[in-house]
Every structure is written in structure tokens, then in C-alpha cells.
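Taking it in order: structure first as C-alpha cells, then the write-up.
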Amino acid sequence: MEEVTKILPAIALRGTTILPDMIVHFDISRKKSIKAVEEAMLDDQKIFLITQKDPDTEVPGLLDVYKIGTIATIKQVVRMPKDVLRILVEGECRAELLSFAEDPDYLQADVVVFEKDPVEPVSENAKEAMLRNLKELFAVYCQQSQKISKELAGQILENDRIEKLVDQIAINLPVGYEQRQQLLDAVELPERYDTLNVMLANEIQIQEIRMELQGKIKERIDKNQKEYILREQLRVIREELGEDNVQSEIANYKKELEKLKASREVKDKIADEIHRLENSGNNPSEAGVIRGYIETLLGLPWDKASRDNQDLAKAREVLEEDHYGLSKVKERILEFLAVRTLTKKGESPILCLVGPPGTGKTSIARSVARALNKKYVRICLGGVHDEAEIRGHRRTYIGAMPGRIAQGLHQAKVKNPLMLLDEIDKVSSDYKGDTSSALLEVLDSEQNNRFSDHYVEIPIDLSEVLFIATANDIQGIPKPLLDRMEVIEISSYTENEKFHIGQEHLIPKQIKANGLKEEQLSISDEALGRIISGYTREAGVRSLERQIGRICRKSARKLLEEKEVSVDVTAENLEEFLGKEKYEFQPVNEKSEIGIVRGLAWTAVGGDTLQIEVNVMPGKGEFLLTGQLGDVMKESAQAGISYIRSVAEQYQIEKEFFSKNDIHIHIPEGAVPKDGPSAGITMATAMLSAITNVPVKADVAMTGEITLRGRVLPIGGLKEKLLAAKKAGVHTVLVPDKNEPDVRELDLEITEGLTIHLVETMEQVLTYALDRQ
């Protein structure tokens, strides 16, 4: 490439770059620049245009400008006001700045001029490829960008020379002066082509991203506009229907807040939420959450309490009227009422009623609420496994709501209701939390005055709530939770209690429920007794109520179909209504037998008797146990046989007996699983009877755990077991000596007709049980 050196007047441009073949006008105001233009006009009108790196530099030096500039011809000069010149120039060729000459009046540049159309060392095929590629890229750019008109784009694309096409695109590409300077610096065609290609590709990518963003923004704006229009239409419709609006809601909330009996902390919180609702604007989802929260806080009884009944006589009358028996529960409630009356405060007790199903645990709670004039709220905890059911969900969750305790207070509308926690032994835990642990704070009288609900967020006072929990099995309640409650055990009903409950409560209730009148149905005492003994076997009275309901339904049908005036149910015609008897108690044997002993068992539906049978057969010393016995019961039998072998000499049993004979213990009703240690002395007595051939008295029944040394340990469920013995016609019962306190607590109704012997050792058991005559 041929190089020519020249000295030309120069102008340092600020914020613009002039390319060859570019015709443009710009304004100058610096004295040196004006002087340079004047010098150029006096000569050949050629001027060197170089761009400043920093537009703010007032007196640029060699280092303040780029190296490559453009030699241009001045086409026109126009003087403007305030000593400003507007000049029109046409770029001719590139030139490299070597130095500035020392002339104090204007810039004089020593430059090397580059040939305008040099012969490039590029093949024709390469130029054609470059030409096609650049045209395609520029066409895509023009299609996406609206900055270049279709006419101009068409003129540029008509160029068939790559050099001309590159320069024309560079001139018309709307980019900043720094990028244009990069094109100016690219003196060689391949370098200029590559630089332009990168610029076009970047611009195309920027345009694509910009169009994508614009599309998303437009879509969002359209959606917001649609929602806004629909919301405005809905607001107008509500106004027309008189259902308007948020402001009236807010006014109502403020009125309710003024009437609310609550602490300053609560009122301030509600006031803040009302203010948030006012500022929620056009955000219906947020407004809905705030509205629900405000209504929950306004609905809670912060300082609103009901007046308890303080009349002990009236409370006792209500309790006796609703329930027969359950004396322990009634006594505890009356004690609480007496203390409350004397102290005017007193902590509310936290009671846990434990007993079999159908014994009136849930209904006594409702009766207690009526007796104390308290609001009644029942919370069923059976199957609850999420801690949030007790403590509530945090408000950040969609569909959040307060826990069941807070909901119960909201439902009661007072802060001192009776709250029944039904089936507390059936709560469970999973990955969402431990429900029973959440109940610890609720049932702790030292902590529950500031119970924390996740949704409400303000501490709730539960200290005045009377909690009554119910459970079927005390083993299902965690120990820390059990420790916080006062346990009252409700045992099975006796037949006499069931008779009174049926006569005084269940028969009138079912007569009314089935649309009958009292004079239309009568059930004799004998018939009721047979229903209890022959058609039900349970600890409570649910099955008894179902059987009475069945009689009522059949009686209603008789009254309508057979046009009878009244129906009398007696022991003789009971089978017409209920069919044959389902249950019968196995009576005592008529005579004493060898190897057969009657044991006493506790079941979930009351007591029962078990006849244990033992056979001794010639064999190899095997020990067989049948009748679907559990592990504990099998171990009791093993302890019994070990005891017998240890005292074999006392009862003249041969040493070789146990190796030459097999012993088989069987407990009838093999389909029914049996377990527990309380049949230990019964099995030991039956085995000793079979081994020694001494019969066991037929009217003796027994219960107790046996040790290897023959001691008798205490058992549970004594009341139910004695009831079963009495029903089977047993006259003598052997009970562990350690159960003496339980025997003393029993009513005369249960022990009447029974001779109860307290035993400490197996020797005593055998003395009472074996018939040695």
C-alpha cells in the first residue's frame, strides 16, 4: 500500500466520527477549530478530522485523540449566532496521525494518507462469499430494525463490490462514535469486514432480546389493563346493586373495633391491618388475605366471658338428670365449682376421662357445660396428624387458617368455654410435626395464658377455658401430655347401672327419636334385663341403645300396619323384635373337676370369664399351649410350670414325671386372641390340679400374675372381672393381696354375693382352690 505524508489543518471532534464517503454537517465553536477551517478554505479545502477519546477535554493533545482519522473536503461553511460555524464535509480517505505541529492558532496535523481503494490481497471468490454473507446479515438487520428505510436499504444492497458495501453499511449503521471509530481503525478490508460482521450480529441479537422483552411487557400490560377494566366494571356493577364496597367494609371493621373488648395490643394490631386493607388498592388477592385475618381477630373473644353458674345444688341436679353413675366426674366438677365460688377465680381444671367406648365420656362433658352454664365446644382429635391443626398455619401460606383451638374460641364467642378434646389418645405425628407436642402448651396451666397460634400471631389467653379430654386407652397418651392432665378413670357399667341408664335415659330418648309417644310403647323390666344380658356385651351402652332403637322402629311399623294402639315388649315376646339371644355367659360347672379352672379376663367391652383346661399325657416332656395365646401369656404359663417343678416334692410329684409326660394347656374360643399376665395363677392351679389329680372347686374364679417363686402380683381391671364372675354365678374369687385398695373402692352392688379372698402366694391360692375332700 502506497503511503503519502501530508500536513493539514485539523479539527478534534467531540462525540462523533466521520468515515470516508460520509457527507455530514456539524457545528464548531472552539477558536482553534474555526481558525483551522479558515486556513483550509484559503488552501484546497482539505481538513483532517480526528475524534477525541474524551469529549470533555477542552485542549486535546496527541494522546487525547485516536490514531486514525479522516481527510475530508469542506463543502459549505455557514456562520451561526454566538460565533458558531456549521460546516458541511465529505469524507475522502483514512489517514494516520503522526503528530500535531506547533501552531498556537490552530491544530496542524502531520498525517500519513492511506490509499482510498487499495488493491486488497483477497481472492475474488473470497470477496464474493464476503459480499453474499454481509448482504444476508444486513437484510436480517434491516428486517428487525426500523432505523434504516426500505429505500436506503435497497440502494445499499445493490452494491456489487464488497469494499463499497462495507463502507456504505458502516456509514448508515446507527451506532455510537466509539463503534464507528473501530470501523475507521480497520484499514484493511478483511479486518473491516470482520468488525462490521460482529457489530451487525450484536445488533441483531440485541434487537431479538429487545423484541422478546417488549412482547412480555406488552402481554403483561394487556393482562393488567384487562384486569383493571374488568375490576372497574365489577365495581360499577356492585355500586349499582348497592353492594359497594371496600370503604363500607372498612367502616364496618372500624365500628366493630370500637365495640371490641380487648387489650391495647390487640386493638393496635387490628387497626394496623385495617390501614393495610385501605392501602391494598387494586390487589384483590392481598385484600382477601387481610380481610380474612381482620375478621378472625374481630371474631375472637379477647376479654369477653360468660357468667358461670355458682349454684351447687342446681349444678348437681343437672348432672344427675343427664347421667346415671359417673360419680367421680360429678364430684370433681362440683369441687371446682365450690372453689370458684369461694375464691372468685381459681384455675380451671384440665381433666382427662379414660374409659371404654360408650361409657358416656363425651356426653358427660356436654352435661358439665350445661351444669356450669358454659359454652360447649367439641374438638375431635382422632386421626389428627398435623401440628398446624392445633397451632394454625402461618399467614404466608395460601388458604391459611387458625388452629382448632382458636377456631373453637371463635365459635364459642367467649374466652371461658368448656372445650372437649375428644379422642386425645388417637392423635398421631408425621413429617409435618407432632400434634401431641403442640398440645403441651395448650394443656399447661402455667403457659396457656399466652398460647401462640401461628395464624393469629397475638398471644391468646386459654387459662379460663375448662378443658376436658377423653381417651379409651391411657397408654396411647404421651407421658409429658398425661402429666399435665388430671386423669379420672371411667370403668364399665354394671348391669344395674345399664338397667337404670336404659330405663331413665335411653328408652325415652329412642321413643322420641322414632316419633312415638310414651303411652304407645312400654318395655318391661324383665325384657330390658334380657336385652342387657342376652343381646349386648359391652362396657358402655351404645349397643344397648341400638337394640332399644330397633325395638322402637319395629313398634312404629306395628302401630301403622296393624293399627295397634300400643305395643308392650316383655321377656316372652322379646324374640319377635330382636331375634334369638346373641350372647350367653358360661355358668359355673356343677361339680369340681381335675385340670379345669375358671379365670377372669378384662376386655375392651368389659369383663369375661375364661375356662382354662389342662391335660397330662404320657410323652417326652413337651409343653403345649393352644388357644391363640400372646407372648406374655405364654411366658406366664412357663413361669407357672417352673414354679410347680420347684415345689414338686411338697405335692408328692415324682422327679421323672416332667420328662415322661406331656402337659397341654388350652383356653377355649381359639379364634379370640388372648394375652396378659393376669391368668398366671389360674394356669398354675390348673396344671397342678391335672398333675396331682386333685379337683378344683367349681365355684371358684381367680386372677393374678405369678412369679417363679410363687408370689402373686397385682392386676388391673378388677371391677370388670368381678362383674363377669358374678354374672357367671361364681361365689368365691381369689384376688392378689396388693389389689386390696381397689377392692375397698368397689360398690356394695358389685361385691354383694361374692366372697373375695386376698392372696399373696400360690400356697394360699391352692388352699382356697383345690377340693381335697
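The values are calculated or read from the model by the stated rules, or taken from the named source; none is laboratory data. Not measured: the values here are computed from a predicted model. Methodologically, a virtual Cβ is constructed for each residue, glycine included, from the backbone with ideal geometry; neighbour enumeration extends over all protein chains shown. Just so you know, the surface numbers come from the protein's heavy atoms only, side chains and all, with ligands and any DNA or RNA stripped out. Shrake-Rupley method; radii C 1.70, N 1.55, O 1.52, S 1.80 Å.
Just a few scattered comments:
- Within segment 207-261, considering residues that are within 17 Å of Glu295 (Cβ to Cβ) and aliphatic (A, V, I, L, M), the one modelled with the lowest pLDDT: Val246
- Residue ID - nearest to Ala438 (Cα to Cα), chosen from residues in segment 364-398 that are among the hydroxyl-bearing types (Ser, Thr, Tyr) and touching a helix residue (DSSP H, G or I) at 6+ places or on another chain (Cβ under 7 Å): Tyr376
- Within segment 335-347, being surrounded by 16 or more Cβ atoms within 10 Å (Cβ to Cβ) and either in a loop (DSSP other than H, G, I, E, B) or not aromatic (Phe, Trp, Tyr) (or both) holds for Leu337, Arg340.
- Residues in segment 697-737 that are aliphatic (A, V, I, L, M), open to solvent by 40 Å² or more (accessible area, probe 1.4 Å) and over 25 Å from Arg772 (Cα atoms): Leu713 alone.
- The residue that is nearest to Leu482 (Cα to Cα), among those in segment 292-349 that are free of Cβ contacts under 8 Å to residues at least 40 places away in the same chain and β-branched (Val, Ile, Thr), is Ile333.
- Residue list for segment 588-602, filter: in contact with a Pro (Cβ under 9 Å, 6 or more places away or on another chain) and surrounded by 14 or more Cβ atoms within 10 Å (Cβ to Cβ): Ser592, Glu593, Ile594, Gly595, Ile596
- Among residues of segment 95-107 that are under 11 Å from Ile7 (Cβ atoms), those with a beta-carbon under 8 Å from a residue that is at pLDDT 80 or above and loosely packed, with under 13 Cβ neighbours inside 10 Å at least six positions away or on a different chain give the pairs Leu98/Thr5; Ser99/Leu62; Phe100/Gly61; Phe100/Leu62.
- Scanning segment 474-483 for residues that are part of a loop (DSSP other than H, G, I, E, B) and out of contact with any Cys (no Cβ under 9 Å at 6 or more places or on another chain) yields a single hit, Pro478.
- Residue that is farthest from Val456 (Cα to Cα) [pool: residues in segment 378-395 that are part of a strand (DSSP E or B) and hydrophobic (A, V, I, L, M, F, W, C)]: Cys380
- Condition met for Thr51 (part of a loop (DSSP other than H, G, I, E, B) and of a type in the set (S, T, N, Q)): no
- Residue in segment 440-456 that is part of a strand (DSSP E or B) and open to solvent by less than 20 Å² (accessible area, probe 1.4 Å) present: yes
- Number of positions in segment 627-645 that are modelled with pLDDT of 90 or more, open to solvent by 20 Å² or more (accessible area, probe 1.4 Å) and of a type in the set (S, T, N, Q): 2
- Selection within segment 569-585 - open to solvent by 90 Å² or more (accessible area, probe 1.4 Å) and either in contact with a strand residue (DSSP E or B) (Cβ under 9 Å, 6 or more places away or on another chain) or modelled with pLDDT of 90 or more (or both): Glu576
- Residues satisfying the stated conditions in segment 54-84, i.e. part of a strand (DSSP E or B), in contact (Cβ under 8 Å) with a residue 40 or more places away in the chain and surrounded by 12 or more Cβ atoms within 10 Å (Cβ to Cβ): Val65, Ile68, Gly69, Thr70, Ile71, Ala72, Lys75, Val77, Val84
- Check on Asp322, among the acidic types (Asp, Glu), open to solvent by 20 Å² or more (accessible area, probe 1.4 Å) and modelled with pLDDT of 85 or more: no
- Selection status of Val122, within 30 Å of Ile162 (Cβ to Cβ) and assigned to a loop (DSSP other than H, G, I, E, B): yes
- Test for Lys261: is it assigned to a loop (DSSP other than H, G, I, E, B), at negative phi and over 31 Å from the mean Cα position of the chain (by Cα): yes
- Within segment 504-535, the residues that satisfy the criterion of being out of contact with any Phe, Trp or Tyr (no Cβ under 9 Å at 6 or more places or on another chain), open to solvent by 40 Å² or more (accessible area, probe 1.4 Å) and either among the small types (Gly, Ala, Ser) or assigned to a helix (DSSP H, G or I) (or both) are Pro508, Lys509, Lys512, Ala513, Gly515, Glu518, Glu519, Gln520, Ser522, Glu526, Arg530.
- For Lys304, the test of being within 33 Å of the chain's Cα centre (by Cα), buried (at least 21 other Cβ atoms within 10 Å of the Cβ) and among the charged types (D, E, K, R) is failed.
- The listed residue being assigned to a loop (DSSP other than H, G, I, E, B), crowded, with 17+ Cβ neighbours inside 10 Å and in contact (Cβ under 8 Å) with a residue 60 or more places away in the chain, out of Val616, Val694: Val694
- Checking the stated criteria, Pro677 turns out not to satisfy the condition of being surrounded by fewer than 14 Cβ atoms within 10 Å (Cβ to Cβ) and either touching a strand residue (DSSP E or B) at 6+ places or on another chain (Cβ under 8 Å) or within 19 Å of Pro736 (Cβ to Cβ) (or both).
- Residue-level analysis places Ser491 among those that are outside any helix (DSSP H, G or I), open to solvent by 20 Å² or more (accessible area, probe 1.4 Å), of a type in the set (S, T, N, Q) and farther than 22 Å from Gly579 by Cβ.
- The set of residues from segment 376-388 being at pLDDT 90 or above and open to solvent by 50 Å² or more (accessible area, probe 1.4 Å) comprises Tyr376, Arg378.
- Residue count, segment 730-773 (criterion: in contact with a helix residue (DSSP H, G or I) (Cβ under 8 Å, 6 or more places away or on another chain) and part of a loop (DSSP other than H, G, I, E, B)): 4
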